[in-house]
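Read the figures in this text as sums done on the coordinates, not as results from a lab. Fair warning: this is a prediction, and the values are worked out from it, not measured in the lab. Methodologically, a virtual Cβ is constructed for each residue, glycine included, from the backbone with ideal geometry; neighbour enumeration extends over all protein chains shown.
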Amino acid sequence: MADKWTYFKSHAKLVSPANKRKFKILVVGTGLAGGAAAASLGELGYQVHCFCLQDSARRAHSVAAQGGINAAKNYQNDGDSVFRLFYDTVKGGDFRSREANVYRLAELSVNIIDQCVAQGVPFAREYGGHLANRSFGGAQVSRTFYARGQTGQQLLLGAYGSLMRQVHAKTVEMHERHELLDIVLVDGHARGIICRNLVTGEIERHAGDAVLLCTGGYSTVFYLSTNAVNCNATAIWRAHKRGALFANPCFTQIHPTCIPQLGDEQSKLTLMSESLRNDGRVWVPAKADDTRPPAQIPEGERDYFLERRYPAFGNLVPRDIASRAAKHECDDGKGVGPGKRSVYLDFAQAIVRLGHTTVEQRYGNLFAMYDEITGDDPYHTPMRIYPAPHYTMGGLWVDYHLQSTIPGLFVLGEANFSDHGANRLGASALMQGLADGYFVIPYTLGDYLASHKHKPVDKDGPAFFEAKDNVTGNIKRLLDNKGSRTVREIHWDLGRIMWNKVGMARDEAGLKSAIDEIARLRDEFWSNVKVSGTGEQLNKDLEFAGRVADFLELGELMARDALTREESCGGHFRTEYQTEEGEARRQDDKFMCAQAWEWTGDAKNPKLHREELTFEEVSPGQRSYK
Amino acid sequence: MSMVINLRIWRQASKDAQGQLVSYTMKNVSPDISFLEMLDQLNDQLIKEGKDPVAFDSDCREGICGTCGLVIDGVAHGPRRGCTTCELRMRHYKSGDTITIEPFRAEGFPIIKDLVVNRSAFDRIIQSGGYVAANAGSAPDGNAIPIGKDIAEEAMDAAACIGCGACVAACPNASASLFTSAKISQLALLPQGHAERQNRVLNMVAQMDAENFGDCSNHAECEAVCPKSISIQTIARMRREYMAAALTKH
Amino acid sequence: MPHLSAILNSSVGKKFLQAITGLGLFVFVIGHLIGNLLLLLGADAFNHYAKFLEELGHGMLVPAADFGLLMFFLVHAVTGFRVAVLDRGRARPVGYQKTGNAGGRSRKSIASMSMIVTGVLLLIFVPVHLANFKYGAFPAAPLGYYGPQENQIRDLYTVVEHLFADPFWVGFYVVVMVALGFHLWHGVWSAFQSLGATHPRWMPFLTLIGHGFAVLLAIGFVYLPIYMNLNQRNFDQPAPPVTTPAANPTGGPQ
Ligand SMILES: Cc1cc2nc3c(=O)[nH]c(=O)nc-3n(C[C@H](O)[C@H](O)[C@H](O)COP(=O)(O)OP(=O)(O)OC[C@H]3O[C@@H](n4cnc5c(N)ncnc54)[C@H](O)[C@@H]3O)c2cc1C
Ligand code: HEM
Ligand code: HEM
Ligand code: SF4
Ligand code: F3S
Ligand code: FES
């Protein structure tokens, strides 16, 4: 297994430099995955067309990642290695990921840092000039590279720079403010996409030799999440409807350190980087219903519940565990703040230990952000945090080559299901996006192109018009609907169902009722939604309407997936399956698999496929962070 | 505790259409919500009344993607320093306030609709040289070139730019100097950027000028509105780099 | 190799020119004020100083400096107009309905926003000023000469004195000198910033110096006309040393 990638690389079929120019590759998304892929394919000489929703490739949601990126560099000499990163990631994912993929990821992590440094990414440095590291949840070594609290931004700008360089070199053509609305299949292969030009409203057809979906995660199905408001499932969902299997949709990550919700008009939740847990201590009052302000609660009457329950990892336990523990305390009435739905993250001792300046250097911008949003100063009073939907481990099913079940349709980054199993460790999504884009796809795509005989396709072919009509019909249906509720209201309703019943803790009854409620909400959407404006102009309302329509189908699939998976693992917690101490209990004999769903034409009847997982290098044990 | 807020918003159907300020009153604004959530609320109201909602851009809503950007009472990103429009909270206003909202105005940023502008000029400035040419796979070990902490920090200060364009919107000359110089400074400070240093600054300045942005008269209004507080020292550095390149380049 | 005209016409190049010429003018103005302060010491001191300047470099220095100044002045004015009027207008054809100031670290001020206004005032001022003093166009101020025949001294002092006897001219000068103060309030540190000659460490100091010079120059230049106006000699009695020149070396009006 450890040599699988090396073996593949040396045996993969190659496309000769002169031929690369003849292949047109459609890359959808400009996040770490898409940006890196489009840039490296451009460097290789392919003819790349790249699409994104935002007005600039630099704004993809990867930009928001704060904490850092993992790599098994072992610069700290603290015992890190490729194997250990691989092991931590498989274990962190609660043994629901594919070993070979994860191993490759760990192996490539090293090259990623080199590549990013070469691009001028200003990673944090030690005084001696060497790269600095911090520790992150789920690991006992310090292997996270960071650029202040803006690591995702800096990595993305690195990829974006490379992408812009290729645009300048004319190997890549950018299509900003374009939304993918359908995939075109010719002879069973992905050969094109249908996009809406978000400025003019024109429905465009684009033909190519392969399609790469790098469209990110779908946490916004919860309405309130840490994701950007334009994040969506539309691209992967429409591909799913064209035949790509959707794997593990219910595996969602609820991040423990977010700023709690402030009111009903709120449009998103803000993440406070997990790195805060390095120095901040999480606590609640030991007694339920203690309404004293935090400063008046003496040390002895505080419950540092993570340190108490998980002495080995303390405040640095993986996210799913930290989130559930916080929910548990709040369910017991020990929560603090309005509605008692938050816990403290306290820096008082860190400030004494490290000094105000060091704390400010490490977390200054996060503290400022917290202050700006809540009006509280975390230097003087503990932050209040609460879990929020953050990342979706599920996504389109892909093989080792990152190819979906539709040949020629590759899926990279958060949009695929591949590397994180049932839970993702902090600082490893950035790693995956860049590994996929810079180092995996250039090889696997070449192999695909070289091993298939492609007939040229023309965007005037019938398949393109069929897909275009499909899209136009959908848009018309939305616009013609003269209902009374806004898209946002319905999205909110869906979010509440998802959060309450398909959120941090799930059970059979709740999931069943969620399935019914979502189906009803979907009917309501199609009969009573009101979408303003026309299709021939910039129309944000219409854009959101299309995305919410997809969420209303995906949400149901997530609930079905959660219902079918009768076990607890990673971020998926079924209350029926827990240990005495309230930890997740896996059912390895029944669910050591990825559940991949096939669209059958009806959201109510998806078809389940299973990919059984085998573990050769690590033996799945009870995940323990005690 | 909810507030009444009067809004005057620039409405313009398309790039070449005639625009104007239109007044709206919002009766029920909670001080806890963000400025953009207030506009969301307004839009829901407008949609229900069968009117066209106000088009504005936003994405991350936490101050990092640079998508949002409005000129609020004549100041890009509004009254708070060091924050983007999406980070602005209504608690900084009081009931009865009238707020004027306009799009970023510059020839280099043509209006698309209402408050949405086209900032692709920034992409073209970066295309002209705002990167280090390093093909994937060609990099030496990350620790091969040590970079002093101070230099790394200074480069990071400049690299923090989110490309929002507020500097242009705020500049009395509609100059894009702060944006352009931030990238030039980052890459001039870091050793990785040195190979292309001279071409980079010459080409990026030429592109900035070609995009019809104005010249910099050192008003520093850009630094004040910049959500990442990028300093006009980067502009000084860009000028040094430029003159040095112009005088010594072969 | 980039073309010189492309460099000087770029946004950076234009400001480079503006700064160099601005600083040149600034240095002249400082020297000019110091020289003019000799007015306070009386006619002899001032007139001898003027004579001393005239004779520098076999009488070539003043014309040469004048030519340099003129060039600087023209380049400065033309570039200033391009930057502040043409380019600004092109870059923002449609302005804001409501304008505001961000405060904080902004250096936008009345001074910075009115560079072109104060500049144009100076542009109008200088020819008038030269006409008055250098070419004696102001009729109430007869340019006289005194001293031994072979070493005549121009009586500039009296010319100045006559001019500032008129409150209109005092007012005109005061307005322009205040404008000059504003121009330099933003201009001096700005020129260093335009040359890239700034650094976080010395920036506050530089600003302070710039503002200091602006204020001192303005005060000095404003003080002179007022002082001259308040300390007039009695013109009814002809001033003793004035003699009618046998020849008029400058060819100026009698
Ligand atoms: C607040 C926050 C903090 C995080 N912090 C960390 C961290 O510290 N470390 C870490 O490793 N991970 C972190 N993550 C996770 C990580 O940022 C993401 O998983 C990762 O960046 C996803 O990258 P991507 O390239 O797959 O997708 P994205 O960056 O989301 O890019 C998606 C792209 O697809 C485009 N797109 C989407 N839909 C369409 C469509 N229909 N048509 C056309 N284009 C489309 C978008 O325009 C965009 O360009 C964080 C995530 C969040 C939300
Ligand atoms: C004695 C006369 C003058 C002096 C000492 C002077 C000095 C200066 C200085 C030092 C600067 C700063 C340069 C920079 O920012 O790089 C400046 C800027 C400027 N000057 Fe003058 N100046 C004088 C006359 C004029 C005239 C006649 C004009 C003409 C129209 C003018 C117009 C301007 C303008 C518009 C600017 C601002 C340029 C910008 O926006 O960046 N100045 N001046
Ligand atoms: C109170 C203010 C001032 C007084 C009393 C004054 C006085 C004079 C006098 C007497 C001369 C004649 C010198 C000669 O002919 O040899 C002169 C010349 C000149 N002055 Fe002024 N001046 C004043 C302000 C200014 C200012 C503010 C400027 C510039 C902006 C200026 C620019 C000039 C120039 C360019 C000359 C011509 C220099 C030369 O040919 O040597 N003056 N001034
Ligand atoms: S320099 Fe500042 S204001 Fe300008 S684009 Fe960058 S972040 Fe925005
Ligand atoms: S406001 Fe404009 S004038 Fe220069 S210093 Fe900033 S770009
Ligand atoms: S929406 Fe991303 S910065 Fe404001």
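Some points to look at:
- For segment A:542-590, the pair-distance distribution built from all alpha carbon pairs, in bins 5 Å wide starting at 0, is 5, 20, 19, 16, 12, 9, 9, 6, 3, 1 percent.
- Cα gyration tensor, segment A:93-141 - rounded (a/c under 1.5), prolate or oblate: oblate
- Net charge in the neighbourhood of B:Ala182 (other residues with Cβ under 9 Å of its Cβ; Lys, Arg +1, Asp, Glu -1) is +1.
- Size descriptor, Kirkwood hydrodynamic radius, that averages inverse alpha-carbon separations across segment B:76-181, Å: 17.0 Å
- Each 10 Å bin from zero holds the following percent of Cα-Cα pairs in chain B: 7, 28, 31, 19, 11, 4, 0.
- Ratio Rg/Rh [Cα only; Rh per Kirkwood] for segment C:38-140: 1.15
- The Kirkwood hydrodynamic radius of segment B:1-51, based on inverse pair distances between different Cα atoms, is 12.1 Å.
- Alpha carbon convex hull of segment A:115-189, projected area averaged over orientations, nm²: 9.3 nm²
- Scattering curve values for segment A:482-526, log₁₀ I(q)/I(0), Debye with Cα scatterers, q = 0.16 Å⁻¹: -0.43
- Mean projected area (nm²) of the alpha-carbon convex hull when segment A:183-265 is viewed from all directions: 7.7 nm²
- Cα-based equivalent ellipsoid of segment A:169-223: semi-axis lengths in Å, sorted from largest, via gyration tensor: 20, 17, 13
- Annotation: chain C has a Kirkwood hydrodynamic radius of 20.5 angstrom, from the mean reciprocal C-alpha pair distance.
- Net charge dipole, the protein assembly as shown: roughly 880 debye, given to the nearest 20, about the Cα centre with Cβ charges of +1 for Lys and Arg and -1 for Asp and Glu.
- Rg/Rh for segment C:52-91 stands at 1.35; both radii use Cα atoms, and Rh follows the Kirkwood definition.
- Counting, for every residue in B:179-191, the Cβ atoms of other protein chains within 10 Å of its Cβ and taking the mean gives 2.
- Across the alpha-carbon set of segment A:165-309, the Rg to Rh ratio works out to 1.16, Rh being the Kirkwood radius.
- Residue-averaged beta-carbon neighbours from other chains (10 angstrom radius) around B:116-124: 4
- Within 10 Å of the Cβ of each residue in A:62-70, the mean number of Cβ atoms contributed by other protein chains is 2.
- Close amide H contacts of B:Gly214 (hydrogens built in the peptide plane, cut-off under 5 Å, sequence separation of 5 or more or a different chain): B:Ser175, B:Ala176.
- The three principal axes of the Cα atoms in segment A:20-165 give end-to-end lengths of 46, 38, 25 Å, sorted in falling order.
- Mean-position separation - Cα centroids, segment A:1-45 and segment A:551-589, in angstrom: 36 Å
- Between A:Gly216 and A:Glu414, A:Ala415, the built amide H atoms are under 5 Å apart, and every one of these is 5 or more places off in sequence or on another chain.
- Reducing segment B:189-203 and segment A:228-270 to their Cα centroids gives an inter-centroid distance of 40 Å.
- More than 50 Å apart - percent of Cα-Cα pairs taken over chain A: 7 percent
- Peptides ranked, highest mean first, by Cβ atoms within 10 Å: ranges A:587-594, B:227-234: B:227-234, A:587-594
- For A:Gln349, neighbours were defined as the other residues whose beta-carbon sits under 14 Å from its Cβ, and their charges (Lys and Arg +1, Asp and Glu -1) total 0.
- Counting every C-alpha pair in the protein assembly as shown, the share spaced more than 54 angstrom apart comes to 26%.
- Report note on the peptides C:104-111, A:537-544: ranked by the mean count of other C-beta atoms within 10 Å, highest first, their order is A:537-544, C:104-111.
- Summarising the label geometry, the points placed 7 Å from Cα in the beta-carbon direction at A:Asn77 and A:Lys287 lie 5.2 nm from one another.
- Label point distance in nm, A:Lys512-A:Lys13, each placed 7 Å from Cα along Cα→Cβ: 5.1 nm
- Restricting attention to chain B, the count of lysine pairs at 8 or more positions apart or across chains with alpha carbons under 23 Å apart stands at 11.
- Computed helical MRE - 222 nm, the protein assembly as shown, DSSP H runs ≥ 4 contributing -39500 (n - 2.57), nearest 500: -13000 deg cm²/dmol
- Using the Karplus relation 6.51 cos²θ - 1.76 cosθ + 1.60 with θ = phi - 60°, the per-residue 3J(HN,Hα) values for segment C:46-54 come to 5, 5, 5, 4, 4, 5, 4, 4, 4 Hz, with x marking Gly and Pro.
- Working from label points 7 Å from Cα in the Cα-to-Cβ sense, the A:Asp460 to A:Asn528 distance is 4.8 nm.
- Segment B:150-170 and segment A:181-196: distance between their alpha carbon centers, rounded to Å: 39 Å
- Other-chain or far-sequence residues with amide H under 5 Å of A:Arg506's (modelled H): A:Phe573, A:Arg574, A:Thr575
- Chain A: relative contact order as a whole-number percent, Cα under 8 Å and 6+ apart: 20 percent
- Proximal lysines to A:Lys590, defined as alpha-carbon separation beneath 25 angstrom and excluding residues fewer than eight positions away on the same chain: A:Lys91, A:Lys501, A:Lys512, A:Lys604, A:Lys607
- Of the beta bridges in chain B, as assigned by DSSP with both residues counted there, near 75 percent are antiparallel.
- Prolate/oblate/rounded call for segment A:387-507, Cα gyration tensor, a/c under 1.5 rounded: oblate
- Cα shape, segment C:10-73, gyration tensor, a/c 1.5 rule: oblate
- 3J(HN,Hα) couplings calculated from phi for segment A:354-365 with the Karplus curve 6.51 cos²θ - 1.76 cosθ + 1.60 (θ = phi - 60°) are, in sequence order, 9, x, 4, 5, 4, 4, 5, 4, 6, 10, x, 6 Hz; Gly and Pro show x.
- For segment B:106-250, the direction-averaged projected area of the alpha-carbon convex hull comes to 9.7 nm².
- Cβ crowding within 10 Å averaged over residues, with A:62-73, B:195-206 ranked highest first: A:62-73, B:195-206
- For segment B:59-72, Karplus couplings with θ = phi - 60° (6.51, -1.76, 1.60), whole Hz, Gly/Pro x: 9, 5, 6, 9, x, 10, 8, x, 6, 6, x, 10, 9, 10
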